[in-house]
Amino acid sequence: MDSGSLIDRIRRGDNAELQKVYEMYRGEFMVWANKHFDLDFEECKEAYQLSMVQFYENVVSGKLQVFTSDPKTYIFGIGKNKIRELRELRLKQPEAGRFEAESTDERLSRESLLNKVEQALHQLGDPCQKLLELYYYKKMSLAEITLALEYKNTDTTKNLKYKCLNRLRKLFTGGN
């Protein structure tokens, strides 16, 4: 694989070439990430998808002009950084099970609140409803959502998520 022409083809929008690279290194990355970082399948998959999104963005933006190493080494290097980022995020997340000791009144109040949020979410419509459901209910990463909804990049997805949350807040609180 000629790495210079690979970059040019991807930059020109050759999605088949990008897909080929994605499939070529996916299995090996999954095994490598599991072995060296003790990640489960979903974590390996998320790290790889984030790595490929970053690789694509680097090519399209012109940040990556020429490979100074093999494409695999470049992608795995991005992966190593993405794994660190994912671990840092996971450490900052609150523990699950915080509702275990709640009373019946607290549970009913929480369920009522969740119902109101769900109603406001349905009022949003697409694409906001779909994006927020994928992120909060299906626990998909921004990179996975970017691929699934075919957005330009993760920054676009993040920006849209922010705008959708603001619209949801306004619907929920009755503000305009």
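Throughout, read-outs are computed from the coordinates displayed, never taken from laboratory work. For clarity, every value in this text was computed on a predicted model and none was experimentally measured. Using ideal geometry, Cβ is built from the backbone for each residue, glycine included, and neighbour counts are taken over all protein chains shown.
By the Cβ distance rule of under 4.7 Å, the chain has these cysteines without a partner: C44.
Given R₀ = 22 Å, FRET efficiency for L149-N15 by Cβ-Cβ distance, to 0.05?
On the way: r = 15 Å, r/R0 = 0.70.
For L149 and N15, the calculated efficiency is 0.90.
Each of K92 and Y162 was given a label point 7 Å from its Cα along the Cα-to-Cβ line. The distance between the two points is 1.4 nm.
Ranking M52, F29, I10 by how far each Cα lies toward the positive end of the dipole of the stretch 1-56 (charges on Cβ) leaves I10 at the top. Stretched out straight at 0.36 nm per residue, the stretch from L114 to V31 would grow longer than its current Cα-Cα span by 26.0 nm. Compared with the dominant principal axis of the Cα atoms in the chain, helix 154-173 is inclined by about 10°. Using alpha carbons only, how many degrees (0 to 90, rounded to 10) separate the axis of helix 15-37 from the longest principal axis of the chain? Tilt relative to the chain: about 70 degrees. Excluding same-chain neighbours fewer than eight residues apart, the lysines reachable from K161 by a Cα-Cα span under 16 Å are K130, K138, K139, K152, K170. Projected label points at D40 and S5, each 7 Å from Cα along the beta carbon direction, are separated by 4.4 nanometres.
What 222 nm value per residue comes from the helices of the chain, counting each DSSP H run with n ≥ 4 as -39,500 (n - 2.57) and dividing by all residues, nearest 500 deg cm²/dmol?
On the way: 8 runs with 128 residues, N = 176.
Calculated mean residue ellipticity at 222 nm is -24000 deg cm²/dmol.
For the chain, the longest principal axis of the alpha carbon atoms and the long axis of helix 41-61 meet at an angle near 60°. Counting neighbouring beta carbons within 10 Å and listing from fewest to most, the residues E144, E85 come out as E85, E144.
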